[in-house]
Amino acid sequence: MGMSRNKLLYLLTLLVVLGATLGFTILSEYRDVPRYHQHLEQPSEADLGPNTDTSDFVTHLPILQIDTGGQTIPGAAILDQNGVQVGYETTPEGADEILVRLSVTDTPNEYHRLSDTPTMESEARFRIRGNTSRLFPKANYRIKLVDEEDPTRDRDLPLLGMDSGNEWALHGPYLDKTLMRNYLCMNLSAEIMGDAPDVRFCEGFVNGEYRGVYLLMETITEGPGRVELTEYEEGDPVFSYMFRIEAQKSFLPTGSNVLDNFSFYTLRLEDNARVEVLYPSTRYQTPEVLNYINTDLSEIERRLYSREMDQNPESCWDYLDMESFANYYILQEFFGINDMFSASTYFYKDVRGKLHIGPVWDYNNALNNYIIQMPENEFLLSQKGWYGQLMRSERFVEYVIARYHALRQHFLSDEYLTNYVTDVKTWLGSAVNRNFSVWGYTFDVTKLSVWERQRPGTDRVFSMEELRQLNPSSYDEALEMMLEYAVDRGAWMDEAVESLRQYCHPSKNAYSMYD
């Protein structure tokens with residue numbers, strides 16, 4: 001990957017020695033089971049040979065079909081006269097999901113046809129999901145598998161070869177013209193952090209209508225193969241828990257699982273963000289359970305912002321899994337994610353361990369795919385959320401710097417990323433053309449709304465020529481623009497990452513909050 005194997009091993013050995021000197025390990029073995037990269041494990045069109053059947057829909061990708069029985073799918077955004085979202089559509093009865101029939105065609109090492117007998121079927125509860133993506137014509141969906149005889153009971157199934165589960169996200173790349181940001185970034189995050197939702201490409205049909213290339217994704221839930229925690233038993237006074245920081249919609253009531261934690265009532269959370277408890281599950285979220293989590297989390301936050309942290313910045317290593325915070329930071333910073341600590345930020349704490357950040361979620365906007373152009377030559381997150389305090393730890397900063405340099409020799413190297421993207425493009429093959437036979441109009445910026453195209457900023461009106469320069473006009477250009485940002489971002493971070501030391505050494509940026 002840009003150097004000989006011997007030189008790479010020598011560099012990594014030096015980094016491990018450095019890590020031992022500083023009191024941490026640079027290269028840990030996080031994963032018990034190798035990450036499954038679909039494009040490396042499943043046959044391409046070239047592997048399967050020519051497809052001569054023109055009488056049916058045929059693809060080398062798995063096929064997912066949804067039959068709503070004529071029902072309208074709830075969850076689409078409701079906008080006011082100014083284009084501001086004011087709610088979500090529901091069924092005529094006021095429900096936010098419907099019961100549908102899910103059919104999966106996924107036979108190993110064969111082409112898949114729409115007329116094939118499904119390899120797996122299930123009843124499922126179904127709705128549109130997401131935040132901004134609810135505005136897109138190519139919707140994202142939540143799938144909740146349920147028992148066929150009793151739809152109130154969940155049903156676990158191993159969809160597309162992933163670990164069994166009952167809750168799934170069906171991501172429809174729309175804003176992401178490469179179709180692969182979530183696939184690329186989730187897989188690399190799993191390699192780097194050891195945990196990230198598993199993902200599989202497929203082609204989707206809703207009520208017999210072709211909807212394009214989709215990515216079926218595990219959701220972040222507690223359980224085998226997902227976030228594995230010591231199981232909660234009713235009445236436990238001390239227990240494992242999981243939560244997320246998520247943006248709160250003004251038109252929705254505050255959920256009963258939302259905490260009044262330290263960073264919220266001291267106004268340290270981002271605007272409109274709140275902490276939502278995900279585990280223990282809703283049926284166990286008694287006032288006592290929620291109070292325990294609120295108290296435990298608030299104590300962690302108080303310590304982060306206390307005199308103890310001011311006098312001994314290394315104290316955060318006592319109660320936080322700092323390796324997870326370092327890896328998470330590198331991933332979000334390198335990929336240019338702007339919503340860390342304001343939305344889609346997950347945490348968990350096993351009763352036997354420290355508080356861990358992750359798994360990662362929502363890479364649709366990664367690598368300069370946010371509706372507002374993301375700079376490649378500045379740190380976006382080093383002072384956001386808890387990281388402003390964590391960067392005061394010299395041990396943490398040195399870990400981040402050393403870990404980043406190690407990853408740039410492998411998973412985050414220009415060569416690895418370029419080869420990965422090229423290989424995924426080749427593997428997707430004709431599915432790309434089928435997808436854009438439906439969604440190809442999105443390459444014409446004049447046909448897109450303000451929420452469906454990228455713009456330089458929000459401070460003025462932009463000309464169509466300016467917008468055309470920022471938005472790809474073809475699939476290949478979309479890939480080129482993504483890789484160009486990754487290369488430029490990496491080159492800048494290579495030079496700038498050492499400057500993170502300013503936050504852990506006496507300077508105008510390292511201050512005492514008690515001065």
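The values are calculated or read from the model by the stated rules, or taken from the named source; none is laboratory data. This structure is a prediction, so every number in the text was calculated from the model and none was measured. No Cβ is skipped: glycine too gets one built from the backbone with ideal geometry, and neighbour counts run over all protein chains shown. Surface accessibility is based on the protein's heavy atoms, side chains included, excluding ligands, DNA and RNA. Shrake-Rupley method; radii C 1.70, N 1.55, O 1.52, S 1.80 Å.
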> Pick from region 104-126 the residues that are farther than 12 Å from Q65 by Cβ and among the acidic types (D, E): which of them is modelled with the highest pLDDT?
Replying inline: E123
>> Whether any residue in region 175-190 is assigned to a loop (DSSP other than H, G, I, E, B), among the basic types (K, R) and closer than 30 Å to Y292 by Cα is what I want to check.
In response: no
> Taking the condition open to solvent by less than 70 Å² (accessible area, probe 1.4 Å) and not basic (K, R), does E228 pass?
Replying inline: no
>> Quick check on region 164-180: of everything there that is out of contact with any strand residue (DSSP E or B) (no Cβ under 9 Å at 6 or more places or on another chain) and crowded, with 23+ Cβ neighbours inside 10 Å, which residue is nearest to I371 (Cα to Cα)?
In response: K177
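Would you confirm whether or not region 479-499 contains a residue that is among the basic types (K, R) and within 30 Å of V206 (Cα to Cα)? Lay out the reasoning, then the answer.
Kept after step one, since they are among the basic types (K, R), are these residues of region 479-499: 489.
Still in the running and within 30 Å of V206 (Cα to Cα): none.
Among the residues of region 479-499, not one is among the basic types (K, R) and within 30 Å of V206 (Cα to Cα), which makes the answer no.
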> Picking from N327, N338, which residue would you name as being closer than 30 Å to E484 by Cα and in a loop (DSSP other than H, G, I, E, B)?
Replying inline: N338
> Filtering region 134-163 down to residues that are under 17 Å from V199 (Cα atoms) and open to solvent by 60 Å² or more (accessible area, probe 1.4 Å), which residue is nearest to the chain's Cα centre (by Cα)?
Replying inline: D163
> What number of residues within region 37-81 satisfy the criterion of being more than 23 Å from P197 (Cβ to Cβ), among the hydrophobic types (A, V, I, L, M, F, W, C) and open to solvent by less than 80 Å² (accessible area, probe 1.4 Å)?
Replying inline: 6
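Of everything in region 109-130 that's out of contact with any strand residue (DSSP E or B) (no Cβ under 7 Å at 6 or more places or on another chain) and touching a residue at least 60 places away in the same chain (Cβ under 8 Å), which residue is surrounded by the fewest Cβ atoms within 10 Å (Cβ to Cβ)? Steps first, please.
Kept after step one, since they are out of contact with any strand residue (DSSP E or B) (no Cβ under 7 Å at 6 or more places or on another chain), are these residues of region 109-130: 109-110, 115, 117.
Narrowing the set further to residues that are touching a residue at least 60 places away in the same chain (Cβ under 8 Å) leaves 109-110.
Values: N109: 9, E110: 12.
Filtering first and then ranking leaves N109.
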> Which of the residues spanning region 109-162 are assigned to a strand (DSSP E or B) and of a type in the set (S, T, N, Q)?
Replying inline: S122, N140
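Which of the residues spanning region 37-77 are touching a Ser or Thr at 6+ places or on another chain (Cβ under 6 Å) and either without any contact (Cβ under 8 Å) to a residue 24 or more places away in the chain or not charged (D, E, K, R) (or both)?
Taking region 37-77 first, the residues touching a Ser or Thr at 6+ places or on another chain (Cβ under 6 Å) are 56, 63, 65, 74.
Once the filter is applied, which keeps residues that are touching a Ser or Thr at 6+ places or on another chain (Cβ under 6 Å) and either without any contact (Cβ under 8 Å) to a residue 24 or more places away in the chain or not charged (D, E, K, R) (or both), region 37-77 yields I63, Q65, P74.
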> When E333 is evaluated against the numbered criteria (1) of a type in the set (D, E); (2) farther than 25 Å from V199 by Cα; (3) buried (at least 18 other Cβ atoms within 10 Å of the Cβ), which criterion, by number, is the only one it fails?
Replying inline: (2)
>> Only one of Y387, Y399 is under 20 Å from E495 (Cα atoms), open to solvent by less than 40 Å² (accessible area, probe 1.4 Å), of a type in the set (S, T, Y) and in contact with a helix residue (DSSP H, G or I) (Cβ under 7 Å, 6 or more places away or on another chain). Can you tell me which?
In response: Y399
> Given the residues Y441, Y416, Y420, which is the only one that is open to solvent by 70 Å² or more (accessible area, probe 1.4 Å) and not hydrophobic (A, V, I, L, M, F, W, C)?
Replying inline: Y441
>> Just to check your reading of the model, which residue among V450, V432 is open to solvent by less than 50 Å² (accessible area, probe 1.4 Å) and either in a helix (DSSP H, G or I) or out of contact with any Leu (no Cβ under 6 Å at 6 or more places or on another chain) (or both)?
In response: V432
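Give I245, I220 a once-over and let me know the one that is over 22 Å from Q383 (Cα atoms) and either surrounded by 15 or more Cβ atoms within 10 Å (Cβ to Cβ) or at pLDDT 95 or above (or both). Give the steps one after another, and end with the answer.
On the way: I245 fails: over 22 Å from Q383 (Cα atoms).
After applying the criteria, what remains is I220.
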> Could you give every pair whose Cβ atoms fall below 8 Å, whose first residue belongs to region 87-98 and is closer than 15 Å to L252 by Cβ and in a loop (DSSP other than H, G, I, E, B), and whose second residue is open to solvent by 80 Å² or more (accessible area, probe 1.4 Å) and not polar (S, T, N, Q), counting only separations of at least 6 or pairs across chains?
Replying inline: T90/D96
